[in-house]
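Please read the structure below before turning to the comments.
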Amino acid sequence: MKISVIGCGYLGAVHSACLTELGHEVVGIDVDPEKIALLAAATPPFYEPGLPELLSRSVATGRLRFSTDVSDVRGSEVHFIAVGTPQLAGSDAADLQFVMAAVDSLLPHLASGDLVVGKSTVPVGTARQLSDIVNSHGSGASLAWNPEFLREGFAIKDTLAPDRLVYGLAASDHRGESMLDTVYTRALAGGTPKVVTDFATAELVKVAANAFLATKISFINAMAEVAEATGADVTQLADAIGYDVRIGRRFLNAGLGFGGGCLPKDIRGFMARAKELGVDQALTFLREVDQINTRRRERMVDLAKEVVGGSLVGRRIAVLGLSFKPDSDDVRDSPALDVALRLIESGATVLATDPQAVETARRRYPHIKYVASPAEAAVDADAVLLLTEWREYRDLDPAAFGDLVGTKTILDGRNCLDPGAWRAAGWAYRALGRP
């Protein structure tokens with residue numbers, strides 16, 4: 001098929017390249033000429049494992065191109081909306097200006113039979129509003145909602161072989177369903193489950209999934225608070241309850257909590273929309289989910305103060321990790337970066353490093369002192385804080401690493417190290433939710 005993708009940020013760039021891999025002819029549209037120039041040269045403007053290679057293959061086929069001219073969508077049958085929906089300034093609600101602008105820009109170029117497909121995460125009710133706009137334009141195009149479920153670090157796999165496909169369609173829109181089936185022929189042939197539903201349900205699937213994951217993460221972090229007060233070990237607790245098939249072990253890793261560009265703003269936007277609908281009491285628990293998440297960051301700073309003698313003023317702290325998760329350079333609402341900033345505000349001298357996120361962090365916070373490696377960060381450190389569980393940090397040799405620091409004290413913010421190995425090498429090891 002001939003397909004256009006409006007918005008070439010994280011979602012749109014990955015989606016465009018993957019659609020080409022699936023055999024389609026794709027044009028990616030974005031208003032940022034610098035981003036378009038990078039993508040046209042097969043250079044991702046962000047870090048995602050495997051994407052440089054996929055982009056190179058896709059661009060080389062001649063079936064993937066990028067443009068700043070929205071009129072280049074003409075001739076495409078399916079038009080994906082993949083723009084951002086950030087948190088609205090001064091509010092918990094989602095900012096829909098980019099979604100609205102994307103649809104408005106498409107309208108003059110739509111032809112009869114075209115399908116506009118929303119992938120952006122939006123408040124429930126948005127798809128119906130946009131469907132009315134598309135229908136009233138008179139082009140003969142229609143709208144569907146096909147939410148994305150990408151995990152940063154696994155985005156290519158999640159696009160090419162998703163764990164489910166959700167189609168939000170107007171009643172009896174068999175043509176829209178057929179067109180989406182053609183887009184996702186390979187995934188459907190591979191047995192990917194498909195849920196065909198209405199607009200509102202499709203929108204709710206995305207935010208409900210994120211709300212559930214955020215709740216599960218905050219639950220185990222709440223248990224970590226109790227464990228710290230009682231001397232229990234939250235990692236063993238998670239193992240034990242995780243054997244229950246009704247609960248499961250995934251997303252029960254206590255630590256600094258969640259961050260990034262999706263979970264925090266999505267649960268806040270969900271609460272804001274629920275209030276508009278008059279059902280905010282149904283989601284009051286999400287407020288505590290958000291607050292538990294924030295408290296973990298505060299607790300890490302308090303723990304750092306404790307292990308260096310009660311005050312961070314003048315203390316040299318090595319921070320390992322800045323991205324909100326490994327295999328990503330995304331620092332949006334990153335717990336690791338937030339802790340680094342709090343340490344500096346408390347008077348510490350912070351040397352921060354990350355395998356991929358140093359430059360993205362530097363663009364936002366140039367006053368932090370960044371270094372290229374854990375070894376550089378650790379020199380003469382009074383304490384080491386592991387805040388993002390990159391493999392290279394999990395695989396550090398505690399004996400050799402101990403030769404670099406001033407004091408062998410490590411705080412494991414992700415509960416990803418072997419306490420026995422580090423203590424055997426002479427380190428004082430502390431972690432959230434563990435004795």
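Just so you know, all these numbers are worked out from the coordinates, no wet-lab data involved. It should be emphasised that the depicted structure is a prediction, and the values quoted were computed from it without experimental measurement. As a convention, Cβ positions derive from the backbone with ideal geometry for all residues, glycine included, and neighbour counts pool all protein chains shown.
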* Structure fact -> Measuring from its Cα centre, region 118-214 shows a charge dipole (+1 at each Lys and Arg Cβ, -1 at each Asp and Glu Cβ) which, in debye to the nearest 20, is 160
* Counting DSSP beta bridges with both partners in region 2-197, what percentage is antiparallel, nearest 5? -> 10
* Asked: Along the positive direction of the dipole of the chain (beta-carbon charges: Lys, Arg +1; Asp, Glu -1; about the Cα centre), which of L107, W390, L404 reaches farthest?
  -> L404
* Asked: Which whole-angstrom value gives the distance between the alpha carbon centres of region 321-335 and region 1-43?
  -> 23
* Pairs K2/K194; K2/K119; K2/K325; K216/K325; K194/K216: which exceed 27 Å Cα-Cα? -> K2/K325
* Which aspartates and glutamates have a Cα lying under 14 Å from the Cα of K157, excluding residues fewer than 8 positions away in the same chain? -> E21, E48, E53, E148, D327
* **Dipole in debye (nearest 20) - region 2-197, about Cα centre, beta carbon charges: Lys, Arg +1; Asp, Glu -1** => 440
* With θ set to phi - 60°, apply the Karplus curve 6.51 cos²θ - 1.76 cosθ + 1.60 along region 37-42 and write out the HN-Hα couplings as whole Hz, x wherever there is a Gly or Pro. => 5, 5, 5, 5, 8, 6
* To do: Take the Cβ-Cβ distance between A111 and T43 as r, set R0 to 41 Å, and report the resulting FRET efficiency rounded to the nearest 0.05.
  => 0.80
* Asked: Measuring from label point to label point, each 7 Å out along Cα→Cβ, what is the I247 to A101 span in nm?
  -> 4.6
* MRE, 222 nm, helices only [DSSP H, n ≥ 4, -39500 (n - 2.57), over the chain, to nearest 500] -> -13000 deg cm²/dmol
* Structure fact -> Listed with the fewest Cβ neighbours within 10 Å leading, W145, W422 appear as W422, W145
* What residue among A227, A240, A361 shows peak mean-square fluctuation when the chain is described by a Gaussian network model with Cα springs under 10 Å? -> A240
* On a C-alpha basis, how far is the centre of region 123-148 from the centre of region 275-291 in Å? Whole number, if you could? => 27
* Asked: Quick one: Karplus J couplings for region 245-257, per residue in order, coefficients 6.51, -1.76, 1.60, θ = phi - 60°, nearest Hz, x for Gly and Pro?
  -> 5, 6, 10, x, 8, 5, 6, 10, 9, 5, x, 6, x
* For region 259-266, just list the computed ³J(HN,Hα) in residue order, Karplus coefficients 6.51, -1.76 and 1.60, θ = phi - 60°, integers in Hz, with x standing in for Gly and Pro. => x, x, x, 10, 3, x, 6, 5
* To do: Give, as a single signed number, the net charge of other residues whose beta carbon lies under 13 Å from the beta carbon of G84, with Lys and Arg counted +1 and Asp and Glu -1.
  => -2
* To do: Rank C8, L320, G118 by how far each Cα sits towards the positive end of the charge dipole of the chain (+1 on Lys, Arg Cβ; -1 on Asp, Glu Cβ) and give me just the farthest.
  => L320
* Of the beta bridges DSSP finds with both residues in the chain, what % are antiparallel, to the nearest 5? -> 5
* So, with +1 on the Cβ of K and R and -1 on the Cβ of D and E, and no other charges, what is the size of the charge dipole of the chain about its Cα centre, to the nearest 20 debye? -> 420
* How many angstrom separate the Cα center of region 373-407 from the Cα center of region 166-234? -> 37
* Spin-label proximity, A424 to region 384-405 - amide N less than 20 Å from point 7 Å beyond Cα toward beta carbon -> 393-404
* Got a sec? How would F212, F270, F219 order by Cβ neighbour count within 10 Å, fewest to most? -> F212, F219, F270
* Structure fact -> Out of G321, G90, G420, a Gaussian network model of the chain with alpha-carbon springs under 10 Å gives the largest mean-square fluctuation to G90
* Asked: What's the extension gain from A375 to S136 if we count 0.36 nm per residue and subtract their Cα-Cα distance?
  -> 79.9 nm
